[in-house]
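Since the structure comes first, as structure tokens, the remarks are kept for the end.
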Amino acid sequence: MRHRLPLFAIAAATVLAGCGSSGSNYKPTPVKPVDEVALKPGDEKSLFPVKEGNQWTYVGQTVTRVGGRQASTDFEMVFKVVKVTPKGNGTVASIEVNTNLPNSKTDYQQWEVNDKGIYQLSVGNPPVPFNPPQPIALFPMEADRNFAWKGGGMTPGGKSGQSSLTSKILAPQEVDTASERYSAYGVETKGTFSVDKANGRVASFAFWTPGVGLVRYKQEIAVGENVAIQMLKLKAKTLR
């Protein structure tokens, strides 16, 4: 199964207290609060800084449930911007996506970031376009703002078909990743898709931090009794 965005568990911390002592005086170190993000008008495109050479590495996990059986796969996924093209008041970015899974092949995606929002244009090689372009986030990022999309393209099930999605922008909140904690804007998306005669459901949460990009993602796909959950947490980044 290819791992894609459309467009991914909570890190556990182990505390060792007073080995060889009662530990009665132990006090955990408070978690340092993260300043809440605030997007300034005109700075919205910083949510996804698509400059050539920018790269994001994610720790990922896919959990599949078929009937009463469950299996999980851990992996790393790398997104790298390999080309940017100006388009009107925005930028179209070509992105290579690679994982360290056995026999995996490079995937390709095209995104557009402009003053209206972040859109996914296509995935795959050769590219499978979204028609119309699929909005991932719309500006301004106002809490409880809703938007919808209906169209054709690559479905969450990994095949070309039709999808119908509704999304809601969430207020900034603190999230953990594989590297640090961020304050991020969330986008909750729910919907349905159809491929041939099969119908499925999808639900996802994506968290974006200005000047960084996507820091955390979770998507759940269900077709009948078959369920797949994919999670991504930012591990490292190279931003120019």
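The values are calculated or read from the model by the stated rules, or taken from the named source; none is laboratory data. Since we're looking at a predicted model, the values are computed, not measured. Because the Cβ atoms are built from the backbone with ideal geometry, glycine has one as well, and the counts that use them run over all protein chains shown. SASA here: full protein model, heavy atoms, side chains in, ligands and nucleic acids out. Shrake-Rupley method; radii C 1.70, N 1.55, O 1.52, S 1.80 Å.
Key figures for this structure:
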{"quantity": "Under 14 Å from the Cα of LYS83 - aspartates and glutamates, other chains or at least 8 residues apart", "calculated": "GLU52, GLU96, GLU112"}
{"quantity": "Heavy-atom accessible area per residue - the stretch 108-240, 1.4 Å, Å²", "calculated": "45 Å²"}
{"quantity": "Label assignment, mean projected area of the Cα convex hull in nm² derived from the structure, set [x] 16.1; [y] 14.2; [z] 15.1", "calculated": "[x]"}
{"quantity": "Heavy-atom accessible surface of the chain: percent carbon and sulfur, 1.4 Å", "calculated": "51 percent"}
{"quantity": "Phi-based couplings in Hz for the stretch 114-130 (Karplus 6.51, -1.76, 1.60; Gly and Pro marked x)", "calculated": "9, 6, 9, x, 10, 10, 9, 9, 6, 9, x, 9, x, x, 9, x, 8"}
{"quantity": "Over 29 Å (Cα to Cα) - which of LYS32/LYS116; LYS150/LYS237; LYS27/LYS168; LYS116/LYS237 fall in this group", "calculated": "LYS32/LYS116; LYS150/LYS237; LYS27/LYS168"}
{"quantity": "Cβ-derived FRET efficiency at R0 30 Å, LYS32 paired with SER164, nearest 0.05", "calculated": "0.10"}
{"quantity": "Estimated FRET transfer efficiency (THR85, GLU225; beta-carbon r; R0 45 Å; 0.05)", "calculated": "0.55"}
{"quantity": "Under 12 Å, Cβ to Cβ, from SER163 - net charge with Lys/Arg +1 and Asp/Glu -1", "calculated": "+4"}
{"quantity": "Selected from PRO129, ASN114, ASN89, residue furthest toward positive end of dipole (the stretch 21-138; charges at beta carbon)", "calculated": "PRO129"}
{"quantity": "Charge context of MET141, other residues only, Cβ under 15 angstrom, K/R +1, D/E -1", "calculated": "-2"}
